[in-house]
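> Got a structure here, written out as structure tokens. Questions coming.
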Amino acid sequence: MLKSLNTAATGMAAQQTNMDVIANNIANVSTSGFKKSRAEFEDLMYQTQKEPGAATGMNSYSPNGVQTGLGVRTAAIQKDFTGGAAQITKNPLDLEIEGAGFFQVLTPDGETAYTRDGSFKKDPNGKIVDKNGNALQPEITIPPNVAGIEVSPNGEVRTIVGLGDQPQTVGQIDVVNFVNPAGLKAMGKNLFMQSPSSGQAIQSRPGLNGTGYLAQGQLEASNVNIVDEMVNMITAQRAYETNSKVIQASDQMLQSINNLK
């Protein structure tokens, strides 16, 4: 009976982790560039009383064996990098990558971080930064008194001072991709960091090497589907309740055994 108590307890802990992941997805349903996560589980070691295929007699073997599982644990929390829907903003510094790829920003500690959130702004010096003041890489500075900003699908940034003036190129936005984006380390603030699992950042012009083109005046919405998350939440809740009932049943059986003594 003690094994069933511990096994059900691991099930409750696993479903609590599952609920934590679902709650984070739901909380970020309106976060630009957010990528939903999915908890993945694996069974624990087995207590083997009889090996599958063990000899049971003369020229006879056990077809199945006797193995009792000891529970479950969280194996991984997988990020889903499928694209979110486009949100039209008409802000000239709102950019969406229509496909694979990440923007590069420089954090205050000098590290390069990566993001799908393209809601950029200008700092007091005209430098393009994200909402936390991290500078877009390569750095681009917008001159003062410009009449318009144009970002082409391949990342070229041009400005117009007057209606009769020719556009002037002031910078180039490059994007990066990874062999395994799911291996990136989430840092919060819509930022990811490179890790040994993600591989090295591969920089290219938008639209090349499998990356997406840029779309100006729009943002990528969260890829969270609220209906799916509600269904997942109900499933996790029912699984948690069922595991708790296993613990109650095991406890009642233990009490019954003790009363017989």
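The values are calculated or read from the model by the stated rules, or taken from the named source; none is laboratory data. Bear in mind that the values here come from a model prediction, so they are computed numbers and not experimental data. Virtual Cβ from ideal backbone geometry, glycine too; neighbours counted across all protein chains shown. Surface areas here come from the heavy atoms of the whole protein model, side chains and all, with no ligands, DNA or RNA. Shrake-Rupley method; radii C 1.70, N 1.55, O 1.52, S 1.80 Å.
> Going by what's in this entry, would Ile140 be described as more than 25 Å from the chain's Cα centre (by Cα), open to solvent by less than 10 Å² (accessible area, probe 1.4 Å) and on the phi < 0 side of the Ramachandran plot?
Numbers: more than 25 Å from the chain's Cα centre (by Cα): yes; open to solvent by less than 10 Å² (accessible area, probe 1.4 Å): yes; on the phi < 0 side of the Ramachandran plot: yes.
The answer is yes for Ile140.
> Being out of contact with any Pro (no Cβ under 9 Å at 6 or more places or on another chain), assigned to a loop (DSSP other than H, G, I, E, B) and either crowded, with 17+ Cβ neighbours inside 10 Å or of a type outside the set (Val, Ile, Thr) (or both) is true for just one of Asn232, Asn258, Asn209. Which residue is that? I'd like the intermediate steps shown before the answer.
Working: Asn232 fails: assigned to a loop (DSSP other than H, G, I, E, B); Asn258 fails: assigned to a loop (DSSP other than H, G, I, E, B).
None of the other options fit; the residue is Asn209.
> Report the residue count in the range 21-43 for those that are surrounded by 15 or more Cβ atoms within 10 Å (Cβ to Cβ) and over 20 Å from Glu220 (Cα atoms).
Here the count works out to 4.
> With (1) at pLDDT 95 or above; (2) over 23 Å from the mean Cα position of the chain (by Cα) as the list, and Ala113 as the residue in question, which single condition is left unmet?
Going through (1) at pLDDT 95 or above; (2) over 23 Å from the mean Cα position of the chain (by Cα) one by one, Ala113 breaks only (2).
> Given the criteria assigned to a helix (DSSP H, G or I) and in contact with a helix residue (DSSP H, G or I) (Cβ under 9 Å, 6 or more places away or on another chain), does Gln237 qualify?
Details: assigned to a helix (DSSP H, G or I): yes; in contact with a helix residue (DSSP H, G or I) (Cβ under 9 Å, 6 or more places away or on another chain): yes.
The answer is yes for Gln237.
> List every residue pair whose Cβ atoms lie under 6 Å apart, where the two residues are 6 or more positions apart in sequence or sit on different chains, the first residue falls within the range 196-221 and is closer than 15 Å to Asn180 by Cβ, and the second residue, located anywhere, is open to solvent by 10 Å² or more (accessible area, probe 1.4 Å) and small (Gly, Ala, Ser).
From the range 196-221, the pairs are Ser197/Gly183; Ser198/Gly183; Gly210/Ala100.
> OK, next. I'm checking my understanding of the structure. Among residues of the range 41-68 that are closer than 22 Å to Ala9 by Cα and without any contact (Cβ under 8 Å) to a residue 40 or more places away in the chain, which one is farthest from the chain's Cα centre (by Cα)? Let's see the steps before the verdict.
Step one: list which residues in the range 41-68 are closer than 22 Å to Ala9 by Cα, which gives 41-48, 67-68.
With without any contact (Cβ under 8 Å) to a residue 40 or more places away in the chain added as a condition, the list becomes 41-46, 48, 67.
Working: Phe41: 16, Glu42: 20, Asp43: 23, Leu44: 25, Met45: 28, Tyr46: 31, Thr48: 37, Gln67: 36 Å.
Result: Thr48.
Condition check ((1) modelled with pLDDT of 95 or more; (2) touching a Ser or Thr at 6+ places or on another chain (Cβ under 9 Å)) across all residues:
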residue	(1), (2)
Val129	yes, no
Pro143	no, yes
Gly164	no, no
Thr169	no, yes
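> I'd like to know if the range 114-134 contains one or more residues that are under 18 Å from Glu98 (Cα atoms), aromatic (Phe, Trp, Tyr), outside any loop (DSSP other than H, G, I, E, B) and in contact (Cβ under 8 Å) with a residue 24 or more places away in the chain. Give the derivation first.
Initially, the range 114-134 is screened for residues under 18 Å from Glu98 (Cα atoms), giving 114-120.
Subsequent filtering for residues that are aromatic (Phe, Trp, Tyr) retains 114, 120.
Subsequent filtering for residues that are outside any loop (DSSP other than H, G, I, E, B) retains 114.
Cutting the leftovers down to in contact (Cβ under 8 Å) with a residue 24 or more places away in the chain gives us 114.
Checking the range 114-134: at least one residue is under 18 Å from Glu98 (Cα atoms), aromatic (Phe, Trp, Tyr), outside any loop (DSSP other than H, G, I, E, B) and in contact (Cβ under 8 Å) with a residue 24 or more places away in the chain.
> Could you say whether any residue in the range 160-170 is in contact (Cβ under 8 Å) with a residue 24 or more places away in the chain and closer than 18 Å to Asn91 by Cβ?
So far as the range 160-170 goes, yes, one or more of its residues are in contact (Cβ under 8 Å) with a residue 24 or more places away in the chain and closer than 18 Å to Asn91 by Cβ.
> Next question, about the same structure. Read through the list (1) touching a helix residue (DSSP H, G or I) at 6+ places or on another chain (Cβ under 9 Å); (2) surrounded by 13 or more Cβ atoms within 10 Å (Cβ to Cβ), then give the number of the only condition that Gln47 fails.
Every listed condition holds for Gln47 apart from (2).
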